[in-house]
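Notes follow the structure.
The values are calculated or read from the model by the stated rules, or taken from the named source; none is laboratory data. Remember, predicted model here, so these are calculated numbers, not experimental data. With ideal geometry, Cβ positions are generated from the backbone for all residues, glycine too; neighbour counts draw on all protein chains shown.
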Amino acid sequence: MSGSEPIRITLEQQEDYAFRVSFDETSLAPLLTDEPPPLGKDQGPNPSRLLLTAIVNCMAASLLFSLRKFKNTPGKLRATISAATERNADGRWRIPTAQVILQLADAAADYQQLPRILEQFENFCVVTQSVRAGIDVQVMIQDAEGRVIHDQSGSVATS
């Protein structure tokens, strides 16, 4: 992934809340996502699980990168994340906090420069730092003819 090329993902509804996710311009296999009952059939991870997966995966990869940057050869890392959904002031479900646990395979004394690594590894995590800082998500809705009927400011086309 380079900083100049956009990341493109395409979703196609399969049935109800199940979507086939294609990772455009890659050779990655498509993924099926779905909502748990009563909305969906739990045929795949839902967006909340994917978000948490992205966070914990990025954190583990960032720690691994930092360990290797200082010439360590770590054993296999283990990472877990847990979060609960809560209703916000408007009554909408949100994930207000998440707890990540990263487990090293070796004793802390076996790693070179560990204090420095621990001080900086989170800064390498694109996903976690993006979520923490907030993402300006702009939304546009087009009809079947390609007409824009909604944009990020909430305006609706009338003609």
Scanning the range 24-44 for residues that are of a type outside the set (Gly, Ala, Ser), over 14 Å from Ile9 (Cα atoms) and in contact with a strand residue (DSSP E or B) (Cβ under 6 Å, 6 or more places away or on another chain) gives Asp34, Gln43
Val56: passes all of (1) surrounded by 11 or more Cβ atoms within 10 Å (Cβ to Cβ); (2) farther than 22 Å from Glu35 by Cα; (3) under 22 Å from the mean Cα position of the chain (by Cα) but (2)
Considering residues that are closer than 23 Å to Ser48 by Cβ, touching a Leu at 6+ places or on another chain (Cβ under 8 Å) and outside any strand (DSSP E or B), the number found within the range 84-118 is 2
Would you confirm, using the coordinates I've provided, whether Val21 is surrounded by 15 or more Cβ atoms within 10 Å (Cβ to Cβ), touching a Pro at 6+ places or on another chain (Cβ under 9 Å), aliphatic (A, V, I, L, M) and touching a residue at least 12 places away in the same chain (Cβ under 8 Å)?
yes
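Considering the range 68-97 alone, what residues qualify as being surrounded by 14 or more Cβ atoms within 10 Å (Cβ to Cβ) and farther than 17 Å from Thr128 by Cβ? Before the answer, list the steps.
Filtering the range 68-97 for residues surrounded by 14 or more Cβ atoms within 10 Å (Cβ to Cβ) gives 69, 72, 74, 77, 79, 81, 83, 95.
Once the filter is applied, which keeps residues that are surrounded by 14 or more Cβ atoms within 10 Å (Cβ to Cβ) and farther than 17 Å from Thr128 by Cβ, the range 68-97 yields Lys69, Asn72, Pro74.
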Can you confirm whether Val131 is part of a helix (DSSP H, G or I), surrounded by 10 or more Cβ atoms within 10 Å (Cβ to Cβ) and aliphatic (A, V, I, L, M)? yes
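Might you let me know whether the range 21-30 holds any residue that is in the same structural domain as Gln103 (by TED's automatic domain parsing), within 15 Å of the chain's Cα centre (by Cα) and hydrophobic (A, V, I, L, M, F, W, C)? Let's see the steps before the verdict.
Applying the first criterion (in the same structural domain as Gln103 (by TED's automatic domain parsing)) to the range 21-30 yields none.
The answer is no, given that none of the residues of the range 21-30 is in the same structural domain as Gln103 (by TED's automatic domain parsing), within 15 Å of the chain's Cα centre (by Cα) and hydrophobic (A, V, I, L, M, F, W, C).
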